[in-house]
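The values are calculated or read from the model by the stated rules, or taken from the named source; none is laboratory data. From a predicted model like this one, the values you see are computed outputs, not experimental measurements. Every residue, glycine among them, receives a Cβ derived from its backbone with ideal geometry; neighbour counts consider all protein chains shown. Quick note on the areas: whole protein, heavy atoms, side chains included, nothing else; ligands and nucleic acids left out. Shrake-Rupley method; radii C 1.70, N 1.55, O 1.52, S 1.80 Å.
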Amino acid sequence: MKDCRSDSERELELRCRVLADFTADWETWEGPNGTLRHVSPSCERISGYPAEAFLQDAHLFEALILPADREVWANHRHSAQGGDLGEVQFRIQRRDGETRWIEHLCQPVIDEQHGYLGFRASNRDITQRKAAEEELQRYQEHLEELAAERTAELAQTNAALKQEMEERGRVEEALRLSEERHVLAQRAANVGSWDWNIQNGKLHWSEQIGPMFGLGQDVQEPTYELFLGCVHPEDRQRVMDAVDACIEDGAAYSIDHRVVWPDGTVRWISETGDVVRGDSGQAVRMLGVARDVTGRKRDEESLRASEQFLQASLDALSANISILDSMGTIVSVNASWRDFAQANGLAWPDYGVGRDYLAVLDSAHGKDAAGAREAADGIRSLIAGQGDRYLQECACHSPTEKRWFVMRATRFSGSRGTRVVISHQDITNRKLAEEKVHARSDELGQRIRELNCLYEISHMVEQPGITLDEILHGTARLVPTAWPGPEYCGARILLDGREFSTANFRDTDRCMAQDIVVSGALAGKVEVCYLEHSQEADQGPFLHGETDLLKAIAQRLGRIVERVRAVEDLQSAKEGAERARHKEEERRREAERRGRIAESLGGVLAALNSNQSLDEVLDLIALQARDLLQTRAVGIYSLEGEAGTLAIQAAQGLLIAYVAGTEVPIGQEALE
């Protein structure tokens, strides 16, 4: 069968097909009666079932949902039927038994007449995102637990060290007397102490110090130089500077550094110390404690690695992400957030880290103020524990381009308290595609209205017996239906001085007209006027396509008038020819009758001039009269006597009783 569609119609169908069938998400259209009218091919990649399976089995989708999540799905369906649409997440079991996370979002489908056409739904496979979120959550919780443990441990250690130093200063003599008890305490705490006489250079340390430096417990005379020789070369200068600053400037001596054992093993040592000064203020001795913190450093390194992994994971996401604490303060952002800030001239230090994000939203002004306050209220609800997720779509147009984002806020709790992850995902391409679809849909609807108008005009013209006035009146009523906002339109047709218009027509400053040309001559015009301002009318008021439509209607009216007038002229010619034929037929019949009369008279004259008797002549006259008059009977009578009695002289077609003179009828009665 030949494809009669135009290129634009085929292009529109192709675009609609591409949008419907080549999307990465699993798209469905459910009709008003609950049956699926369309399922995109992506369903097979996500669920393992082809689109035909869902179209044939209306309950297959719900059957795939895991039992534990069906209540979530049922609640969503109930809310959607009540008009409360939104996003829901649940799990399904694929055809091969694999479990997948689905993010489902639906919205109603409304046609141009506001008729309800069902639901359109998008199902996105978020399994990988869920796995990443869960992994990040586990890492975050683990890191927070480690940090809390190490913080408490350090606080406990520092408190113990501070107490030890204070105690040593107050009861130094008592400590010397209880050296053994002190050594036992150091062993239990894995802490060593040292005492350096600055004036003579002698160094004394407890038995725990030697093993910490990999020297064993049998070092006879430790020295400051021996100590420096154990310090890692990369840390040695830093340690010497810290010691000098404590002696010369009174700075606190608290440092973590590495030591290298004779076998090459590297360990971390944490030292805290202070200077004892003489009466004149000169440094006399330096006392301190040392502790092997290799385990703590490894944990801190592991924590940093985990934090780096978490940050790298966030940086790998395309969405702009920030993390808020329980006060709404930004504590971390990812690379996409930083790139967006740089590209848009956001002059926040550290890209907003440390800034009150809720205060920023509250201070928004202009056309975006309402949406910003709504977002702030949604985030506050999450922080208060009223829900786990918040979703908002918003426009964020720059001076040079249109942009849309969807903000997703997710609440989670850990050892550091409540955190809210803010994700801004760029959905500009989706929004622009939706705008194009809507624009094409509106354009297609307008073209359909125009075609319907032209079709109705053509259909009306083909009605049997319809007059030109009826066609013009009907066309005037149909023209506004092809324009956007037909309730605000009026139309008028002027032809040969006559007017045909809609009841509401009046001239306004928003009119357009096209001439009606009949047989090459101007015969009138067709006009369309918008009677008042409307959303549809304010878009033009007249588009190029509407001008072409009005021109097409005017041309069609011209051809219709030519056709009707041609039909009328043809009918008039036919009627004149028929009248002429009838007159000619009458003249022919009259000529034939006159010929027969002449022929009959000739026969009668011949009979009169012959030897025939009078009765024979009269019979011949009666016969000729019957034939000429084309009647059944003819009689010739005579009046006899003074009474004028009728006597039959000749007859053709009369009954014998009449001829015999019995009840002889006369005149019309006899002929009947």
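Look at Ala372 and say whether it is touching a helix residue (DSSP H, G or I) at 6+ places or on another chain (Cβ under 8 Å), open to solvent by less than 30 Å² (accessible area, probe 1.4 Å) and farther than 30 Å from Leu143 by Cα. First the steps, then the outcome.
Values: touching a helix residue (DSSP H, G or I) at 6+ places or on another chain (Cβ under 8 Å): yes; open to solvent by less than 30 Å² (accessible area, probe 1.4 Å): yes; farther than 30 Å from Leu143 by Cα: yes.
Answer is yes for this residue.
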Residues of the stretch 90-144 satisfying the condition of being among the aliphatic types (A, V, I, L, M) and either touching an Asp or Glu at 6+ places or on another chain (Cβ under 7 Å) or part of a strand (DSSP E or B) (or both): Ile92, Ile102, Leu105, Val109, Ile110, Leu117, Ala121, Ile126, Leu143
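Scanning the stretch 390-427 for residues that are small (Gly, Ala, Ser) and part of a loop (DSSP other than H, G, I, E, B), which turns out modelled with the highest pLDDT? Break it down into steps so the answer makes sense when it comes.
Restricting attention to the stretch 390-427, the residues satisfying the condition of being small (Gly, Ala, Ser) are 395, 398, 409, 413-415, 417, 423.
Then drop every residue that is not part of a loop (DSSP other than H, G, I, E, B), which leaves 398, 415.
Values: Ser398: 71, Ser415: 64.
Here the residue is Ser398.
Looking at Arg506, is it modelled with pLDDT of 85 or more, in contact with a Cys (Cβ under 9 Å, 6 or more places away or on another chain) and open to solvent by 80 Å² or more (accessible area, probe 1.4 Å)? Please lay out each step first, then the result.
Numbers: modelled with pLDDT of 85 or more: yes; in contact with a Cys (Cβ under 9 Å, 6 or more places away or on another chain): yes; open to solvent by 80 Å² or more (accessible area, probe 1.4 Å): yes.
For Arg506, the condition - modelled with pLDDT of 85 or more, in contact with a Cys (Cβ under 9 Å, 6 or more places away or on another chain) and open to solvent by 80 Å² or more (accessible area, probe 1.4 Å) - is met.
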For the stretch 482-490, indicate whether the set of residues that are open to solvent by less than 50 Å² (accessible area, probe 1.4 Å) and either part of a helix (DSSP H, G or I) or among the polar types (S, T, N, Q) (or both) is non-empty. yes
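Of all helices (runs of 4 or more DSSP H) completely enclosed by the stretch 279-389, which ones contain at least 2 residues that are in contact with a strand residue (DSSP E or B) (Cβ under 6 Å, 6 or more places away or on another chain) and farther than 16 Å from Met407 by Cα?
Working: elements: 294-316, 335-343, 357-362, 369-383.
Per the criteria, 294-316.
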Of (1) over 15 Å from the mean Cα position of the chain (by Cα); (2) within 16 Å of Ser40 (Cα to Cα); (3) among the hydrophobic types (A, V, I, L, M, F, W, C); (4) modelled with pLDDT under 90, Ile102 fails just (4)
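Taking the condition polar (S, T, N, Q) and either in contact with a Gly (Cβ under 6 Å, 6 or more places away or on another chain) or free of Cβ contacts under 8 Å to residues at least 12 places away in the same chain (or both), does Ser280 pass? Talk me through it step by step, then tell me what you get.
On the way: polar (S, T, N, Q): yes; either in contact with a Gly (Cβ under 6 Å, 6 or more places away or on another chain) or free of Cβ contacts under 8 Å to residues at least 12 places away in the same chain (or both): yes.
Answer is yes for this residue.
Can you confirm whether Arg419 is more than 30 Å from Pro484 (Cα to Cα) and either of a type outside the set (Val, Ile, Thr) or in contact (Cβ under 8 Å) with a residue 40 or more places away in the chain (or both)? Lay out the reasoning, then the answer.
Details: more than 30 Å from Pro484 (Cα to Cα): yes; either of a type outside the set (Val, Ile, Thr) or in contact (Cβ under 8 Å) with a residue 40 or more places away in the chain (or both): yes.
Against the criterion (more than 30 Å from Pro484 (Cα to Cα) and either of a type outside the set (Val, Ile, Thr) or in contact (Cβ under 8 Å) with a residue 40 or more places away in the chain (or both)), Arg419 qualifies.
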In this structure, is Glu180 modelled with pLDDT under 80, open to solvent by 50 Å² or more (accessible area, probe 1.4 Å), of a type in the set (Asp, Glu) and farther than 26 Å from Arg267 by Cα? yes
In the stretch 616-636, how many residues are outside any loop (DSSP other than H, G, I, E, B) and open to solvent by less than 70 Å² (accessible area, probe 1.4 Å)? 14
How many residues, within the stretch 245-255, are touching a residue at least 24 places away in the same chain (Cβ under 8 Å) and touching a Ser or Thr at 6+ places or on another chain (Cβ under 8 Å)? 1
Taking the stretch 630-648 and keeping only residues that are modelled with pLDDT of 75 or more and closer than 30 Å to Glu590 by Cα, one is left with Thr631, Arg632, Ala633, Val634, Gly635, Ile636, Tyr637
For the stretch 68-109, give me each residue that is open to solvent by 50 Å² or more (accessible area, probe 1.4 Å) and aromatic (Phe, Trp, Tyr). Trp101
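Please enumerate the residues belonging to the stretch 322-380 that are basic (Lys, Arg) and modelled with pLDDT under 85. I'd like the intermediate steps shown before the answer.
Of the stretch 322-380, the ones basic (Lys, Arg) are 338, 355, 367, 373, 380.
Hits for the stretch 322-380 are Arg338, Lys367.
I'm trying to understand the selection: among the residues of the stretch 304-336, which are in contact with a Phe, Trp or Tyr (Cβ under 8 Å, 6 or more places away or on another chain) and in contact (Cβ under 8 Å) with a residue 40 or more places away in the chain? Steps first, answer last, please.
As a first pass, look at the stretch 304-336 and keep what is in contact with a Phe, Trp or Tyr (Cβ under 8 Å, 6 or more places away or on another chain): 306, 309-310, 320-322, 324, 328-330, 333.
Listed by number, the residues that qualify are Ser306, Phe309, Leu310, Asn320, Ile321, Ser322, Leu324, Gly328.
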Going through (1) open to solvent by 80 Å² or more (accessible area, probe 1.4 Å); (2) over 30 Å from Asp325 (Cβ atoms) one by one, Gln386 fails only at (2)
Where a residue in the stretch 432-449 is within 19 Å of His114 (Cβ to Cβ) and free of Cβ contacts under 8 Å to residues at least 60 places away in the same chain and its partner, wherever it lies, is open to solvent by less than 60 Å² (accessible area, probe 1.4 Å) and not charged (D, E, K, R), with Cβ under 8 Å and at least six apart: Arg449/Ala482; Arg449/Trp483
Count of the stretch 459-481 residues which are more than 22 Å from Gln571 (Cβ to Cβ) and hydroxyl-bearing (Ser, Thr, Tyr): 2
Residue satisfying all of: in the stretch 572-612; surrounded by 10 or more Cβ atoms within 10 Å (Cβ to Cβ) and of a type in the set (S, T, N, Q); modelled with the lowest pLDDT among these: Ser600
So for the stretch 231-244 (the condition being open to solvent by less than 30 Å² (accessible area, probe 1.4 Å), of a type outside the set (Lys, Arg) and touching a Ser or Thr at 6+ places or on another chain (Cβ under 7 Å)), does at least one residue qualify? no
Conditions: (1) of a type in the set (A, V, I, L, M); (2) modelled with pLDDT of 80 or more; (3) in a helix (DSSP H, G or I). Leu444 meets all but one. Number of the miss? (2)
Answer with yes or no whether Gly465 is without any contact (Cβ under 8 Å) to a residue 60 or more places away in the chain, open to solvent by 20 Å² or more (accessible area, probe 1.4 Å) and not acidic (Asp, Glu). yes
For the subset of the stretch 509-523 comprising residues that are within 17 Å of Glu562 (Cβ to Cβ) and without any contact (Cβ under 8 Å) to a residue 40 or more places away in the chain, which member is surrounded by the most Cβ atoms within 10 Å (Cβ to Cβ)? Ala523
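Where residues in the stretch 113-129 are among the hydroxyl-bearing types (Ser, Thr, Tyr) and more than 11 Å from Arg100 (Cα to Cα), which of them is least open to solvent (accessible area, probe 1.4 Å)?
Taking the candidates together, the pick is Ser122.
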